[in-house]
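Heads up, the thing below is written out as C-alpha cells.
The values are calculated or read from the model by the stated rules, or taken from the named source; none is laboratory data. For clarity, every value in this text was computed on a predicted model and none was experimentally measured. Note that each Cβ is placed from the backbone with ideal geometry, even for glycine, and that neighbours are counted across all protein chains shown.
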C-alpha cells in the first residue's frame with residue numbers, strides 16, 4: 001500500500017486499535033482519535049515500538065464542533081486525510097422500552113451523526129485531490145434483527161445507508177465509501193456477554209464457521225478496502241461474520 005495519512009476513530013482499544021496498527025505496519029501515518037489520552041498514548045507507544053508513525057487526537061465525537069477543530073488542525077499539519085475509518089461506537093443492550101432519551105441520543109450520535117460530519121469534513125480534501133477512502137465499521141445488527149439493542153441497530157442500519165448515499169455522491173471524484181459489518185469479535189466491549197458460557201455457545205451455534213472473529217481480521221478487511229486495488233469497490237456493505245447473516249436458520253440465543 002502506498003503510505004497514506006489515515007485517521008481512525010475509536011483507536012484506543014479493540015477493533016480500532018487493530019485497524020490503526022495494521023495501517024501503521026504498512027508505513028502509513030495514523031491519527032488515533034478517541035476521548036482518552038492515556039489509552040491512546042499506549043497504542044501510539046506500541047506503534048512507535050514497531051517503527052510506525054502514530055499521532056494522538058483527543059476529542060469527544062459527540063461534540064461535533066470540538067472534533068472538527070481537532071481534525072482541522074491535524075489536516076492542516078499533514079495536508080489532508082487520505083483514509084478515514086469511522087470505527088468509534090458503543091452499545092447498551094436493553095429491551096426497547098428501557099432506554100432513556102440521552103442513551104438514544106448518545107448511541108445515534110456515536111454511530112451515525114459523528115461519522116456523517118467527519119466524513120464530510122475529510123471528503124472535501126479527498127475530492128480535491130481525486131483520491132480518498134472512507135471505511136465505516138458497522139455491525140450485523142444493522143442487517144438482521146437481534147433480541148435487544150434497538151437504538152444501536154437503528155444507528156448501524158442508518159450508517160449502512162449513509163455509506164451507499166455518500167458512495168454515490170462522491171464516487172466520481174475518486175472517493176470510495178464502504179462499510180464492514182462484523183458479528184461478535186473478541187474485544188473489551190464484548191468480554192461481558194461472551195463471558196457467559198450459555199451465550200457464547202449460542203453465538204458459536206449461530207455462526208457457520210464455529211468461532212468468533214478477531215480484531216485483526218476486521219483490520220485486514222478495512223485495509224483492503226482502503227487500498228488502491230479496491231478502487232472499484234464502492235457502496236458495499238461487507239459482512240464479517242463467519243457466515244452468520246448467510247444462515248437461514250439458527251437456534252435462538
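Quick notes on this structure:
- In segment 10-30, of all residues being outside any loop (DSSP other than H, G, I, E, B) and under 12 Å from the mean Cα position of the chain (by Cα), the one that is surrounded by the fewest Cβ atoms within 10 Å (Cβ to Cβ) corresponds to 14.
- Condition check for residue 33: crowded, with 18+ Cβ neighbours inside 10 Å, out of contact with any strand residue (DSSP E or B) (no Cβ under 6 Å at 6 or more places or on another chain) and modelled with pLDDT of 95 or more: no
- Taken together, the criteria exclude residue 75 from residues that are surrounded by 15 or more Cβ atoms within 10 Å (Cβ to Cβ), touching a strand residue (DSSP E or B) at 6+ places or on another chain (Cβ under 7 Å) and in a helix (DSSP H, G or I).
Residues checked against (1) over 16 Å from residue 238 (Cα atoms); (2) part of a helix (DSSP H, G or I); (3) touching a helix residue (DSSP H, G or I) at 6+ places or on another chain (Cβ under 6 Å):
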| site | (1), (2), (3) |
| --- | --- |
| 92 | yes, no, yes |
| 103 | yes, yes, no |
| 106 | yes, yes, no |
| 109 | yes, yes, no |
| 127 | yes, yes, yes |
| 136 | no, no, yes |
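- Summed over segment 229-246, the residues that are touching a strand residue (DSSP E or B) at 6+ places or on another chain (Cβ under 9 Å), in contact (Cβ under 8 Å) with a residue 24 or more places away in the chain and either under 23 Å from residue 132 (Cα atoms) or assigned to a loop (DSSP other than H, G, I, E, B) (or both) give a count of 12.
- Some residue of segment 44-54 being in contact with a helix residue (DSSP H, G or I) (Cβ under 9 Å, 6 or more places away or on another chain), over 21 Å from residue 181 (Cβ atoms), assigned to a strand (DSSP E or B) and touching a residue at least 60 places away in the same chain (Cβ under 8 Å): no
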